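Inspection log for the structure reproduced underneath, given as structure tokens.
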Amino acid sequence: MNESMAAEGKGKLHFWDAVWDLRIAECPCDVQFVDWLEVKRIQNASIFHFGTGSHHIVGVKTAENGSGNCVLGITAAPKEYDTFVQLAIDRPDVEKSYKTFFGDIYQLEKRLLPDFDVVTLFHLCEFRTEKNDEYGAMTDRQLLDMLTEKTRPGGYILFYTKSFAFDSALKIIKEWERDAGVEEVGMHELLLIYRKV
């Protein structure tokens, strides 16, 4: 995925010029996450989801399963955002509890975000490059710290252990675990789960 990232000149937004369809054999994290929400009987929760894919399965399944959960997703792929717009037009029943926006996650402004009960960071360390430095974007650790701050006490933060960048992410996660007031609570399939204390 990383080789498809593109920035249109110095200082312009770093984005992903491709689309990620639902490919469960290659990347089952979103499907496993939806399953985890159901197994844990997570209900009426506010969820932040990093990397929606063009399938938007987290938002769609959450809207359809009667859980009362709502999802705010972010994508750095303009074409994936376009698929959300079409989904919203075709499925207002889904759009009611699922919103997605386009942007560089490393540019998130915490004052614009609500607090969350669940945060997914399945793609931590996958997309941050020197291109983000050109406009002063956050680092992966700064992003993790900020989203931890926006997670309610008792809320969950999840990572995907088969991400191509998980070795890099794990180094950050272990440092963060010591500093951030979180505890590891275990695994669900390939998802590593922490809880904010």
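Only lysines eight or more places from Lys99 in sequence, or on another chain, were considered; those with a Cα closer than 22 Å are Lys61, Lys79, Lys110, Lys150.
Among His14, His188, a tally of other beta-carbon atoms within 10 Å of each Cβ gives an order, fewest to most, of His188, His14.
The ranking of Glu95, Glu38 from fewest to most other beta carbons within 10 Å of each one's beta carbon is Glu38, Glu95. Among the chymotrypsin sites (Phe, Trp or Tyr not before Pro) in segment 7-94, none is located in a DSSP loop while being surrounded by at most 13 other Cβ atoms within 10 Å of its own Cβ. Working note: 222 nm ellipticity from helices only, DSSP H runs with n ≥ 4, each -39,500 (n - 2.57), summed and divided by the residues of the chain, gives -9000 deg cm²/dmol to the nearest 500.
Per residue, the average separation of C-alpha pairs within less than 8 Å and at least 6 apart gives the chain a relative contact order of 20 percent. Say R0 is 22 Å: what FRET efficiency, to the nearest 0.05, do Arg91 and Leu112 get from their beta-carbon distance? Calculated transfer efficiency: 0.30.
Length available on full extension from Lys162 to Val31: 0.36 nm per residue minus the Cα-Cα distance, which gives 45.8 nm. Here the convex hull built on the C-alpha positions of segment 29-196 has a volume of 110 cubic angstrom per residue. For segment 123-137, the Karplus equation 6.51 cos²θ - 1.76 cosθ + 1.60, evaluated at θ = phi - 60°, returns couplings of 10, 4, 6, 7, 10, 7, 9, 4, 5, 5, 5, 4, 10, x, 5 Hz by residue, with Gly and Pro reported as x. Across segment 126-197, C-alpha contacts under 8 Å between residues 6 or more apart give a mean separation that, scaled by the residue count, equals a relative contact order of 36 percent. Of all lysines in the structure, the ones whose alpha carbon falls short of 16 Å from that of Lys162, not counting any fewer than 8 places away in one chain, are Lys171.
Each value in this text was obtained by applying a stated rule to the coordinates, not by laboratory testing. Computed from a predicted structure; not experimentally measured. Reconstructed Cβ throughout: ideal geometry from the backbone, glycine too, with neighbour counts over all protein chains shown.
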